[in-house]
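Novice: There's a structure below that I have some questions on.
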Amino acid sequence: MKLNDLGHIYSSGNSFTTKAALLQSVYRVNKGFPIGETTVSIPDGLDENGKPKKKKKIRREYGHMVKGGDKMWYNFYNKDILNYAQKRVAEKLPEETIEADRLFNNLLSSMPLAFNLFYPLMELLEKDVVKTTEIVAALFPNWDITKVDKIGIEFIPTPIKDYTEDKSAMDAFITFIDKEGEKNIIAIEVKYTDSLGTNKAKENEKKYEVAKNTKFFTAEGLKVIDQGCTQIFRNFLLTESYRMKEKMPNSYNVILAPAQHPSTLTELNAIKKYFNDTCPEDKLTKYDLETFVHIIAEKVPAEMKDWINWFEKRYLDFGSEESLYKELKG
């Protein structure tokens, strides 16, 4: 395969994103999927000082985009996952931020990745609670998981005014029963190449109240939240708000991202530096997607091996695009 076969290759300035875009572009071409478009911003010429003018938006074909993914399962492992994605879009709540184009047509997006990873586990839970619990307990051995209660995708507790008054959602979640018979929650932020948002919240009163009630933040941390916090704070506070409202003894926040993801650890440190000594170490952790998938592959029933092997090859086969990357950079 040649670089010219792939179309435009997306890059946000780091090698990891470029390689992932190449990997997804190769996947599209190998599958024979039609190339799609996305909106990009380009400089609108130069001003009198030779500097780029205000950017304008155009539609452009990119190798990691497909066309017609809302009708065919181009972005999903099978038709069942497509059907579930279609249902979620059709029944989208006003508070939900599910974007149809990103879900159906963007091969590089973390949103369909979450559907591809967690929907088969949702199906398995309906058929075999014991096996699903075995898998989840192997993924999170330190959290006293005796029975998986529920697995969900793109979850935003409503009404949002009862929580943090924010449209942040859990990309995925797992609720489980511990040995005391209590229900607990694992909220999972799923990332592929994207970074967590740096825009600051405007409605901060509820978030500040939740943060204060957790007793996990330093005075400086509470001040940051009161002045408007970024996405990693909002995700954490949503989970804690849900835990307290549902009277759960424990909640955990996991950022699930490839090992080479360039910004995850920086994002973690941006909030962890404001935790005080009462906040448990495992309240917020990073989990390498490669390790997560490897553990699932070891535990799933034989009939699910094709799915997890497909997932690993599609999203994590980094290195297979190395020659194309060298060509692109050469």
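Novice: Scan region 21-61 residue by residue and report those that are of a type in the set (Gly, Ala, Ser), within 20 Å of residue 73 (Cα to Cα) and either at pLDDT below 95 or in a helix (DSSP H, G or I) (or both).
Specialist: Residues of region 21-61 that are of a type in the set (Gly, Ala, Ser), as a first pass: 21, 25, 32, 36, 41, 45, 50.
So of that shortlist, the ones also within 20 Å of residue 73 (Cα to Cα) come out as 21, 25, 32, 36.
Answer for region 21-61, where residues must be of a type in the set (Gly, Ala, Ser), within 20 Å of residue 73 (Cα to Cα) and either at pLDDT below 95 or in a helix (DSSP H, G or I) (or both): 21, 25.
Novice: Are any residues in region 289-311 open to solvent by 50 Å² or more (accessible area, probe 1.4 Å) and under 15 Å from residue 190 (Cβ atoms), and if so, which ones? Can you show your working first?
Specialist: Within region 289-311, the first condition is being open to solvent by 50 Å² or more (accessible area, probe 1.4 Å), and the residues that meet it are 290-291, 294, 298-299, 302-303, 305-306, 309.
Passing the criteria: 290, 291.
Novice: Is it the case that residue 92 is under 23 Å from residue 234 (Cβ atoms) and in contact with an Asp or Glu (Cβ under 7 Å, 6 or more places away or on another chain)? First the steps, then the outcome.
Specialist: Numbers: under 23 Å from residue 234 (Cβ atoms): yes; in contact with an Asp or Glu (Cβ under 7 Å, 6 or more places away or on another chain): no.
Judged against the criteria, residue 92 is not a match.
Novice: Within region 195-210, identify whether any single residue is in contact with a Pro (Cβ under 6 Å, 6 or more places away or on another chain), open to solvent by less than 80 Å² (accessible area, probe 1.4 Å) and aromatic (Phe, Trp, Tyr), and answer yes or no. If you could, list the steps in order and put the result at the bottom.
Specialist: Just the residues of region 195-210 that are in contact with a Pro (Cβ under 6 Å, 6 or more places away or on another chain), to begin with: none.
Checked region 195-210: no residue is in contact with a Pro (Cβ under 6 Å, 6 or more places away or on another chain), open to solvent by less than 80 Å² (accessible area, probe 1.4 Å) and aromatic (Phe, Trp, Tyr).
Novice: Just for region 169-188: of the residues that are out of contact with any Ser or Thr (no Cβ under 9 Å at 6 or more places or on another chain) and open to solvent by less than 20 Å² (accessible area, probe 1.4 Å), which one is farthest from residue 85 (Cα to Cα)?
Specialist: Checked region 169-188; the qualifying residue farthest from residue 85 (Cα to Cα) is 175.
Novice: Would you please list the contacts, defined by Cβ atoms under 8 Å and residues six or more apart or on different chains, that run from a residue in region 143-165 that is within 16 Å of residue 234 (Cα to Cα) and of a type in the set (Lys, Arg) to a residue that is modelled with pLDDT under 95 and open to solvent by 10 Å² or more (accessible area, probe 1.4 Å)?
Specialist: 161/206
Novice: How many residues are open to solvent by 40 Å² or more (accessible area, probe 1.4 Å), in a loop (DSSP other than H, G, I, E, B) and either without any contact (Cβ under 8 Å) to a residue 12 or more places away in the chain or touching a Leu at 6+ places or on another chain (Cβ under 8 Å) (or both) if we restrict to region 211-252?
Specialist: So the answer is 1.
Novice: So how many residues does region 3-15 have that are in contact (Cβ under 8 Å) with a residue 24 or more places away in the chain, more than 19 Å from residue 101 (Cα to Cα) and out of contact with any Ser or Thr (no Cβ under 7 Å at 6 or more places or on another chain)?
Specialist: Number satisfying all stated conditions: 5.
Novice: While we're looking at this one, here's another question. For region 98-145, give me each residue that is in contact with a Leu (Cβ under 8 Å, 6 or more places away or on another chain), closer than 27 Å to residue 302 by Cβ and of a type in the set (Ser, Thr, Tyr).
Specialist: The one that is in contact with a Leu (Cβ under 8 Å, 6 or more places away or on another chain), closer than 27 Å to residue 302 by Cβ and of a type in the set (Ser, Thr, Tyr): 132.
Novice: Answer yes or no as to whether residue 75 is within 19 Å of the chain's Cα centre (by Cα) and either at pLDDT below 95 or assigned to a loop (DSSP other than H, G, I, E, B) (or both). Walk me through how you get there before you give the answer.
Specialist: Values: within 19 Å of the chain's Cα centre (by Cα): yes; either at pLDDT below 95 or assigned to a loop (DSSP other than H, G, I, E, B) (or both): yes.
The answer is yes for residue 75.
Novice: Quick one: how many residues across region 81-124 are more than 14 Å from the chain's Cα centre (by Cα), more than 23 Å from residue 290 (Cβ to Cβ) and not acidic (Asp, Glu)?
Specialist: Looking only at that region, the number is 15.
Novice: Another question, then. Answer yes or no as to whether residue 128 is open to solvent by 20 Å² or more (accessible area, probe 1.4 Å), closer than 26 Å to residue 304 by Cα and in contact with a Pro (Cβ under 9 Å, 6 or more places away or on another chain).
Specialist: On the way: open to solvent by 20 Å² or more (accessible area, probe 1.4 Å): yes; closer than 26 Å to residue 304 by Cα: yes; in contact with a Pro (Cβ under 9 Å, 6 or more places away or on another chain): yes.
When the stated conditions are applied, residue 128 passes them.
Novice: Only one of 116, 105, 83, 75 is of a type in the set (S, T, N, Q) and more than 27 Å from residue 196 (Cβ to Cβ); which?
Specialist: Working: 116 fails: more than 27 Å from residue 196 (Cβ to Cβ); 105 fails: more than 27 Å from residue 196 (Cβ to Cβ); 75 fails: more than 27 Å from residue 196 (Cβ to Cβ).
The match here is 83.
Novice: Continuing with this model, one more query. Hand me the list of helices (runs of 4 or more DSSP H) wholly inside region 260-330 holding 3 or more residues that are under 25 Å from residue 64 (Cβ atoms) and at pLDDT 95 or above.
Specialist: Numbers: elements: 264-272, 289-299, 305-316, 322-329.
Where helices (runs of 4 or more DSSP H) fall fully within region 260-330 and carry at least 3 residues being under 25 Å from residue 64 (Cβ atoms) and at pLDDT 95 or above, they are 289-299, 305-316.
Novice: Still on this structure: What do you reckon, is residue 77 of a type in the set (Phe, Trp, Tyr) and under 27 Å from residue 322 (Cα atoms)?
Specialist: Numbers: of a type in the set (Phe, Trp, Tyr): yes; under 27 Å from residue 322 (Cα atoms): yes.
For residue 77, the condition - of a type in the set (Phe, Trp, Tyr) and under 27 Å from residue 322 (Cα atoms) - is met.
The values are calculated or read from the model by the stated rules, or taken from the named source; none is laboratory data. The shown structure was predicted, so the numbers you read here are calculated from the model rather than taken from an experiment. Positions of Cβ are backbone-derived with ideal geometry, glycine not excepted, and every protein chain shown enters the neighbour counts. Only protein heavy atoms, including side chains, enter the accessible area calculation; ligands, DNA and RNA are left aside. Shrake-Rupley method; radii C 1.70, N 1.55, O 1.52, S 1.80 Å.
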